[in-house]
Amino acid sequence: MALRDELLKSIWHAFTALDVDKSGKVSKSQLKVLSHNLCTVMKIPHDPVALEEHFKDDDEGPVSNQGYMPYLNKFILDKVTDKFDRQDFNKMCWTLCSRKNLDQSQLFISNDDAFKIWCIFNFLSEDRYPLVIVTEEIEYFLRKLTEAMGGSWVEERFEDYKLQLNSKQQNLNAWGLISLVGSGHFSKGMDRQTLSMGINEVYLELILDVLKQGYMMKKGHKRKNWTERWFMLKPSSISYYVGEDLAEQKGDILLDGRCCVEPLQDKEGKKCLFLIKSTQKSFEISASDKKKKQEWIQAIQTCVNLLRQGRPAPHREARQKRRELRLKQQAEQEELELRMRELQTANEAKQFELENMRKALEEAATNAAEEERRRLQTQTELQDRYRMDLEKEKMVRQQMEEQVAQKSTELEQYLQRVRELEDMYRQLEDALEDERRARQDEEAVRRLQARLLEEEATKRSELEQIHLRQQRAISETEAEKQELEKERLAKESALQAAMTQLEQLEQERQGALEQYQTVMKKLEDATNNTKSWKHKVAEHEGLLRLIQPGSKGQTLITNWGPAAFSDAELNLREKKWQKMKNQPTQAQ
């Protein structure tokens with residue numbers, strides 16, 4: 001894929017995101033901002049007046065995608081080089097379109113992982129707009145992702161998903177692919193970190209062209225010491241860093257068709273050595289084991305061979321082959337459909353020819369029947385004439401003999417005509433037999449088409465029943481949800497009313513408690529006053545007693561008379577008497 005095509009896909013996402021009302025047009029002010037950002041990211045001098053000059057003949061209304069393309073090609077894409085950071089460019093376009101289309105709350109992945117899937121979608125999508133990714137490329141990406149996560153590919157699960165996808169549409173857009181991966185449907189049993197690492201590994205291979213990476217030991221050129229570095233192999237270079245976080249790059253090994261890689265013998269206490277010879281210098285590398293050594297040698301040699309042959313990276317070449325195969329299959333399908341239409345046209349022409357032949361045969365049969373009727377009529381007339389001639393035979397025998405000779409000649413001609421008609425009749429029967437066989441073949445084809453249509457109708461009815469069951473289940477779930485919501489609201493209102501009544505009762509209880517405390521205080525004061533008076537009465541016992549209201553119960557009788565004192569005084573006297581009685585007992 002050319003650089004221009006890759007850039008156009010990301011720019012198309014950004015332009016579509018600016019089209020808020022989905023009218024296919026964007027205002028000039030927004031296009032100015034977009035153009036300025038594109039020029040800044042791609043390191044192109046930006047002319048702010050160029051857009052106005054380009055559209056000076058247009059009205060002040062918004063600009064469509066087709067109207068923006070000539071400006072984009074002339075002032076931006078024709079000036080672009082491959083010296084800018086492609087990732088920054090993709091980030092800028094992603095920022096514009098993700099705000100409008102991405103719902104992060106529904107995803108199992110981070111925003112950075114969603115951005116990487118978006119870049120992979122642009123790489124695998126078809127070169128037509130609006131951008132979509134076909135089923136074959138979806139399967140390729142999911143297989144790569146599953147392999148990167150260390151999982152096993154479940155063919156049945158993808159086949160089920162493909163059936164669901166084909167029932168709706170044959171492809172996905174970028175946000176559909178992000179939702180598919182972010183929902184975790186094809187990463188069940190994997191945690192968020194494993195999924196993120198798998199997405200990053202596929203992103204490195206497909207987008208950043210990282211064919212292999214890992215830790216190895218490298219021998220220095222000056223101090224000749226061995227240092228562990230993180231190596232990253234790309235089609236035309238090998239970069240090495242301090243660590244796998246790629247924070248500090250230590251150098252590059254540029255590859256071309258003249259480079260070579262060869263194994264070395266173990267030395268200096270280092271094993272699994274191999275040598276990379278470039279045009280500038282040679283590099284001694286030590287792998288961790290023999291397997292990784294062989295893998296690195298084969299991977300580097302593959303890159304060198306591709307550079308010698310002028311071929312792209314393996315995944316890019318494989319993508320191009322898949323596209324060419326799809327185009328070839330599409331052309332074959334179109335050719336097959338064209339041949340089917342031609343065969344159908346030829347069949348219709350043959351049917352028309354057979355119909356004309358049948359009409360001609362029917363007409364010939366009608367003519368033959370008419371000729372036979374005429375022959376029979378002529379024969380009858382001849383017989384009548386012969387009878388008349390026989391009656392006159394005696395009179396005109398000689399004349400009759402001449403007439404008989406003449407009639408014999410005519411009879412011979414007539415028999416010859418009958419034989420010709422019989423031959424024509426046999427040919428007619430053969431033609432009718434051919435027509436009958438053609439009709440049988442046509443009937444067989446029609447039965448086959450009817451059976452295929454019936455099977456298609458059966459499958460369609462099954463899919464519609466499944467859809468109806470899903471709709472009914474959704475409706476029932478929604479109804480239950482609404483009923484539960486109504487019950488919850490009713491219970492909340494009842495609980496609120498109960499809480500209100502409880503607060504009222506609590507207030508009433510507090511008021512009653514305050515009244516009770518007031519009454520108890522008054523009663524206590526009254527009791528204290530009563531005790532002081534009782535004490536005085538006890539000191540002047542017999543001389544004075546209090547006048548108290550009479551009891552409604554049984555009147556007490558004492559040695560002072562009925563109702564001489566109250567119940568409280570009686571209880572007090574009983575206690576004193578009991579106390580005096582117990583004192584002598586304790587003294588003993």
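The values are calculated or read from the model by the stated rules, or taken from the named source; none is laboratory data. Every value quoted in this text rests on a predicted model; they were computed, and no experiment measured them. Because the Cβ atoms are built from the backbone with ideal geometry, glycine has one as well, and the counts that use them run over all protein chains shown. Calculation scope for accessible area: heavy atoms of the full protein, side chains included, ligands and nucleic acids excluded. Shrake-Rupley method; radii C 1.70, N 1.55, O 1.52, S 1.80 Å.
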Item to check | segment 196-226: number of residues that are buried (at least 18 other Cβ atoms within 10 Å of the Cβ) and either small (Gly, Ala, Ser) or in contact with a Gly (Cβ under 7 Å, 6 or more places away or on another chain) (or both) | outcome: 2
Item to check | Enumeration of residues in segment 268-294 that are acidic (Asp, Glu), at pLDDT 90 or above and under 15 Å from residue 220 (Cβ atoms) | outcome: 284
Checklist outcome for this item: For segment 166-181 the number of residues that are surrounded by fewer than 18 Cβ atoms within 10 Å (Cβ to Cβ) and in a helix (DSSP H, G or I) is 4
Item to check | Failed item, numbered, when residue 229 is tested on (1) out of contact with any Phe, Trp or Tyr (no Cβ under 9 Å at 6 or more places or on another chain); (2) open to solvent by less than 60 Å² (accessible area, probe 1.4 Å); (3) not aliphatic (A, V, I, L, M) | outcome: (1)
Next on the checklist: Among the numbered criteria (1) open to solvent by 40 Å² or more (accessible area, probe 1.4 Å); (2) at pLDDT 90 or above; (3) under 27 Å from residue 200 (Cβ atoms), which one does residue 246 miss?
Outcome noted: (2)
Checklist entry - Does residue 99 count as open to solvent by 60 Å² or more (accessible area, probe 1.4 Å) and within 16 Å of residue 186 (Cα to Cα)? => result no
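Collect the residues in segment 269-285 that are farther than 22 Å from residue 237 by Cβ and in contact (Cβ under 8 Å) with a residue 12 or more places away in the chain, keeping them in residue-number order.
Matches in segment 269-285: 270, 271, 272.
Among the candidates 151, 198, 184, single out the residue that is part of a loop (DSSP other than H, G, I, E, B), over 14 Å from the mean Cα position of the chain (by Cα) and farther than 23 Å from residue 466 by Cβ.
Working: 198 fails: part of a loop (DSSP other than H, G, I, E, B); 184 fails: over 14 Å from the mean Cα position of the chain (by Cα).
So the residue among 151, 198, 184 that is part of a loop (DSSP other than H, G, I, E, B), over 14 Å from the mean Cα position of the chain (by Cα) and farther than 23 Å from residue 466 by Cβ is 151.
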Checklist outcome for this item: Counting only residues that are farther than 24 Å from residue 11 by Cβ, of a type outside the set (A, V, I, L, M) and open to solvent by less than 60 Å² (accessible area, probe 1.4 Å), segment 125-152 contains a total of 6
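In segment 306-325, is there at least one residue being farther than 30 Å from residue 238 by Cα, out of contact with any Lys or Arg (no Cβ under 9 Å at 6 or more places or on another chain) and surrounded by fewer than 12 Cβ atoms within 10 Å (Cβ to Cβ)? Don't jump to the end; show me each part of the working.
Initially, segment 306-325 is screened for residues farther than 30 Å from residue 238 by Cα, giving 324-325.
Next cut, out of contact with any Lys or Arg (no Cβ under 9 Å at 6 or more places or on another chain) only: 324-325.
Next, from what is left, pick out any that are surrounded by fewer than 12 Cβ atoms within 10 Å (Cβ to Cβ): 324-325.
Yes, segment 306-325 has at least one match.
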Next on the checklist: Which of the helices (runs of 4 or more DSSP H) found entirely inside segment 1-96 contain at least 1 residues meeting this: open to solvent by 30 Å² or more (accessible area, probe 1.4 Å), at pLDDT 80 or above and farther than 25 Å from residue 124 by Cβ?
Outcome noted: 28-41, 65-75
Item to check | Evaluation of residue 303 against (1) crowded, with 18+ Cβ neighbours inside 10 Å; (2) touching an Asp or Glu at 6+ places or on another chain (Cβ under 8 Å); (3) assigned to a helix (DSSP H, G or I); (4) among the hydrophobic types (A, V, I, L, M, F, W, C) (one fails), failing number | outcome: (2)
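Test residue 122 against the criterion of being surrounded by 14 or more Cβ atoms within 10 Å (Cβ to Cβ) and within 14 Å of residue 5 (Cα to Cα), and give yes or no.
Details: surrounded by 14 or more Cβ atoms within 10 Å (Cβ to Cβ): yes; within 14 Å of residue 5 (Cα to Cα): yes.
Criteria met by residue 122.
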Checklist entry - Name the residues in segment 172-206 that are of a type in the set (Asp, Glu) and within 12 Å of residue 145 (Cα to Cα), would you? => result 201, 205
Item to check | Residue ranges of strands (runs of 3 or more DSSP E) in segment 211-285 with at least 3 members closer than 30 Å to residue 197 by Cβ and either among the basic types (Lys, Arg) or more than 47 Å from the chain's Cα centre (by Cα) (or both) | outcome: 226-234
Next on the checklist: What are the pairs with Cβ atoms under 9 angstrom where one residue, in segment 447-468, is hydrophobic (A, V, I, L, M, F, W, C) and the other, located anywhere, is open to solvent by less than 90 Å² (accessible area, probe 1.4 Å)? Sequence gap at least six, or different chains.
Outcome noted: 463/167
